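Here's the structure, in structure tokens; my notes come after.
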Amino acid sequence: MSTSIAGSTALLGLDELLSEEERLIAGAVRRFVADRVSPHIAEWYENATPPKDLAPELGALGLLGMHLRGYGCPGTNAVSYGLACLELEAGDSGLRSFVSVQGSLAMYSIWKYGSDEQKQQWLPELAAGRAIGCFGLTESDFGSDPAGLRTRAVRDGPDWVLSGSKMWITNGSIADVATVWARTDEGICGFLVPTRSPGFSAVDVHRKLSLRASTTSALHLDDVRLPAESRLPGAVGLRAALGCLNEARFGVLFGALGAARDCLDTALEYAAVRTAFGRPIAGFQLTQGKFADMTLELYKGLLLALRLGRRKDAGQLRPEEVSLGKLNNVREAINIARTCRTILGGSGITLEYPVLRHASNLESVLTYEGTSEVHALTIGKALTGISAFRMGDE
């Protein structure tokens, strides 16, 4: 059996590091991507038409909030969730982004910080894909510095009234509920905002050159009135929001490797049949050198991801370790995608092959869930004990 996580580049027997259940989950997601995503993704990407109807199928596979327990969530281990993200992103980063935002941001914020009533109301529907969630933290002027966010929530009798806007919100215009972070007299707090609430609106971001098969929106809250029970009782302080981001970053550090693997597999297949100067280009020393270097970085990333996954399952994973994984694996994935494009030559710039689509998507992945610069500074703080940037309101 070929390895569940390394496709045609199997050299190290990485399957031996996985349990049978982990292998089965990875294989099931890979088959789903091959059957339901790969035949259509180039068209979805070219036409900027996200596959909104896949949510119930993703729910039926147990991929939405899959690492959460209770309330209709599957409760798999962290490594299984990471492997699922890897296989999804081998299809497209937009698909993995949908699952990450649904499970690790929208659902996790409710699961971790919500009341039992909030969990009962939303988690079973979100887990089944009957409802869609989004996560509103980033604002136009506050991405890497979320402590400065301007969205406000004020008390008016027993109610809360929210005003402000959010930007770059995945799933924003298709969501049924939004976790919105707003400044209150008590600090930054989280609120559950049904998207049908009067005063709530979402406008899609158009003319994107990346994540075209994913919904990206701006959220606007114009005096949105919510009952007191809409506040997430445990979500107080920016640290709560950052805790959600660490959940999503964990999926990203696995997922980016799926895009890299798909690029490498594509380039290997192409190089075996493309001839130049009377021989397959796979036989040229420079091409083989590229393949060796890319495979080396892919395997290092996979081993790092698995190590972090085991630590997460043991309850030992720290935020700076997630930063190590996100920084390294996305950076190497985008380098692999770009190098594979050179092997495909002119063919590599078309949607007939996935490599430049993956490279373009990874430009967004490099930035969201923490830029490379922010993760580098997080690692630097862990190494030196000195913070080089201000986070505030933690």
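The values are calculated or read from the model by the stated rules, or taken from the named source; none is laboratory data. Since we're looking at a predicted model, the values are computed, not measured. Every residue, glycine among them, receives a Cβ derived from its backbone with ideal geometry; neighbour counts consider all protein chains shown. Accessible surface is based on the protein model in full, side chains and every heavy atom, while ligands, DNA and RNA are left aside. Shrake-Rupley method; radii C 1.70, N 1.55, O 1.52, S 1.80 Å.
Name every residue in the range 376-386 that is part of a helix (DSSP H, G or I), open to solvent by 30 Å² or more (accessible area, probe 1.4 Å) and not hydrophobic (A, V, I, L, M, F, W, C), in order of residue number.
Those that are part of a helix (DSSP H, G or I), open to solvent by 30 Å² or more (accessible area, probe 1.4 Å) and not hydrophobic (A, V, I, L, M, F, W, C): Thr378, Lys381, Thr384.
Looking for whichever is at pLDDT below 95 and either closer than 23 Å to Trp111 by Cα or in contact with a strand residue (DSSP E or B) (Cβ under 7 Å, 6 or more places away or on another chain) (or both) here; the options are Leu219, Leu242. Which one fits?
It is Leu242.
Consider the range 30-68. How many of its residues are open to solvent by 50 Å² or more (accessible area, probe 1.4 Å) and over 21 Å from Ala127 (Cα atoms)? It would help to see each step written out before you state the result.
Keep residues of the range 30-68 that are open to solvent by 50 Å² or more (accessible area, probe 1.4 Å), which gives 30-31, 34-36, 38-40, 43, 46-47, 49, 52-53, 56-57, 60-61.
Now drop any that are not over 21 Å from Ala127 (Cα atoms), which leaves 34-35, 38-40, 43, 46-47, 49.
Of the residues in that region, 9 qualify.
Evaluate the following for Val322: is it open to solvent by less than 60 Å² (accessible area, probe 1.4 Å), touching a residue at least 60 places away in the same chain (Cβ under 8 Å) and touching a His at 6+ places or on another chain (Cβ under 9 Å)? Can you show your working first?
On the way: open to solvent by less than 60 Å² (accessible area, probe 1.4 Å): yes; touching a residue at least 60 places away in the same chain (Cβ under 8 Å): yes; touching a His at 6+ places or on another chain (Cβ under 9 Å): yes.
Yes, satisfied.
For the range 13-22: of the residues being touching a helix residue (DSSP H, G or I) at 6+ places or on another chain (Cβ under 9 Å), assigned to a helix (DSSP H, G or I) and at pLDDT 95 or above, which is least open to solvent (accessible area, probe 1.4 Å)? Steps first, please.
First, the residues of the range 13-22 that are touching a helix residue (DSSP H, G or I) at 6+ places or on another chain (Cβ under 9 Å): 14-15, 17-19, 21-22.
Now drop any that are not assigned to a helix (DSSP H, G or I), which leaves 14-15, 17, 21-22.
Adding the requirement that they be at pLDDT 95 or above leaves 21-22.
Values: Glu21: 112, Glu22: 4 Å².
This residue is Glu22.
Test Gly27 against the criterion of being modelled with pLDDT of 95 or more and open to solvent by 30 Å² or more (accessible area, probe 1.4 Å), and give yes or no. Let's see the steps before the verdict.
Working: modelled with pLDDT of 95 or more: yes; open to solvent by 30 Å² or more (accessible area, probe 1.4 Å): no.
So Gly27 does not fit the description; no.
How many residues does the range 69-89 contain that are farther than 19 Å from Leu317 by Cβ and open to solvent by 10 Å² or more (accessible area, probe 1.4 Å)? Walk me through it before giving the result.
In the first step, residues of the range 69-89 are kept if they are farther than 19 Å from Leu317 by Cβ; the result is 70-74, 87-89.
Still in the running and open to solvent by 10 Å² or more (accessible area, probe 1.4 Å): 70-74.
The qualifying residues number 5.
Counting just the residues of the range 337-358 that are open to solvent by less than 10 Å² (accessible area, probe 1.4 Å) and over 15 Å from the mean Cα position of the chain (by Cα), which one comes out farthest from Thr275 (Cα to Cα)? Spell out how you get there, then give the answer.
Of the range 337-358, the ones open to solvent by less than 10 Å² (accessible area, probe 1.4 Å) are 337, 340, 344, 348, 355, 358.
Narrowing the set further to residues that are over 15 Å from the mean Cα position of the chain (by Cα) leaves 337, 340, 344, 348, 355.
On the way: Ala337: 21, Cys340: 16, Leu344: 11, Gly348: 15, Val355: 19 Å.
Step by step, filter the range 337-358, then rank; the result is Ala337.
List every residue pair whose Cβ atoms lie under 6 Å apart, where the two residues are 6 or more positions apart in sequence or sit on different chains, the first residue falls within the range 33-56 and is closer than 8 Å to Arg212 by Cα, and the second residue, located anywhere, is polar (S, T, N, Q).
Qualifying pairs under 6 Å: Pro50/Ser214; Pro50/Thr215.
What do you reckon, is Ala305 open to solvent by less than 10 Å² (accessible area, probe 1.4 Å) and modelled with pLDDT of 95 or more?
On the way: open to solvent by less than 10 Å² (accessible area, probe 1.4 Å): yes; modelled with pLDDT of 95 or more: yes.
Yes; evaluated as a whole, the condition is true for this residue.
Can you run down the residue pairs with Cβ atoms below 6 Å, 6 or more apart or on separate chains, where the first is in the range 360-375 and surrounded by 19 or more Cβ atoms within 10 Å (Cβ to Cβ) and the partner is among the charged types (D, E, K, R)?
The qualifying pairs are Glu369/Arg249; His375/Lys326.
Please give the number of the condition Glu297 fails out of (1) under 26 Å from Cys134 (Cα atoms); (2) crowded, with 19+ Cβ neighbours inside 10 Å; (3) not hydrophobic (A, V, I, L, M, F, W, C).
Unmet for Glu297, out of (1) under 26 Å from Cys134 (Cα atoms); (2) crowded, with 19+ Cβ neighbours inside 10 Å; (3) not hydrophobic (A, V, I, L, M, F, W, C): (1).
Please tell me if Leu257 is aliphatic (A, V, I, L, M), under 30 Å from Cys189 (Cα atoms) and part of a helix (DSSP H, G or I). First the steps, then the outcome.
Values: aliphatic (A, V, I, L, M): yes; under 30 Å from Cys189 (Cα atoms): no; part of a helix (DSSP H, G or I): yes.
Criteria not met by Leu257.
Thr184 - would you say it is under 18 Å from the mean Cα position of the chain (by Cα) and either touching a residue at least 24 places away in the same chain (Cβ under 8 Å) or open to solvent by less than 10 Å² (accessible area, probe 1.4 Å) (or both)?
Details: under 18 Å from the mean Cα position of the chain (by Cα): no; either touching a residue at least 24 places away in the same chain (Cβ under 8 Å) or open to solvent by less than 10 Å² (accessible area, probe 1.4 Å) (or both): yes.
Here the answer is no, as Thr184 does not meet what is asked.
Among residues belonging to the range 63-85 that are small (Gly, Ala, Ser) and not in a loop (DSSP other than H, G, I, E, B), point out the one that is nearest to Leu95 (Cα to Cα).
This residue is Ala84.
Could you please find all residues in the range 148-192 being farther than 24 Å from Met107 by Cβ and not in a strand (DSSP E or B)?
Gly148, Arg150, Gly157, Pro158, Asp185, Glu186
Here is a list of conditions, (1) at pLDDT 95 or above; (2) out of contact with any strand residue (DSSP E or B) (no Cβ under 6 Å at 6 or more places or on another chain); (3) surrounded by 15 or more Cβ atoms within 10 Å (Cβ to Cβ), and Leu209 meets all of them except one; can you say which number that is?
Single failed check for Leu209: (3).
For residues in the range 118-141 being in a helix (DSSP H, G or I) and touching a helix residue (DSSP H, G or I) at 6+ places or on another chain (Cβ under 7 Å), which is nearest to Leu83 (Cα to Cα)? Explain how you work it out, then say what you get.
Of the range 118-141, the ones in a helix (DSSP H, G or I) are 118-128.
From what is left, the residues that are touching a helix residue (DSSP H, G or I) at 6+ places or on another chain (Cβ under 7 Å) are 118-119, 122-123, 126-128.
Values: Gln118: 29, Lys119: 26, Trp122: 25, Leu123: 22, Leu126: 21, Ala127: 18, Ala128: 20 Å.
Residue satisfying both the conditions and the ranking: Ala127.
Those residues that are surrounded by fewer than 16 Cβ atoms within 10 Å (Cβ to Cβ) and without any contact (Cβ under 8 Å) to a residue 60 or more places away in the chain, I need them from the range 153-181; list them, please.
First pass over the range 153-181, keeping only residues surrounded by fewer than 16 Cβ atoms within 10 Å (Cβ to Cβ): 154-159.
Val154, Arg155, Gly157, listed by residue number.
Of the residues Arg331, Arg261, which is of a type in the set (Lys, Arg), open to solvent by 40 Å² or more (accessible area, probe 1.4 Å) and over 21 Å from Gly243 (Cβ atoms)? Step through it out loud before you land on a result.
On the way: Arg261 fails: open to solvent by 40 Å² or more (accessible area, probe 1.4 Å).
Answer to the selection: Arg331.
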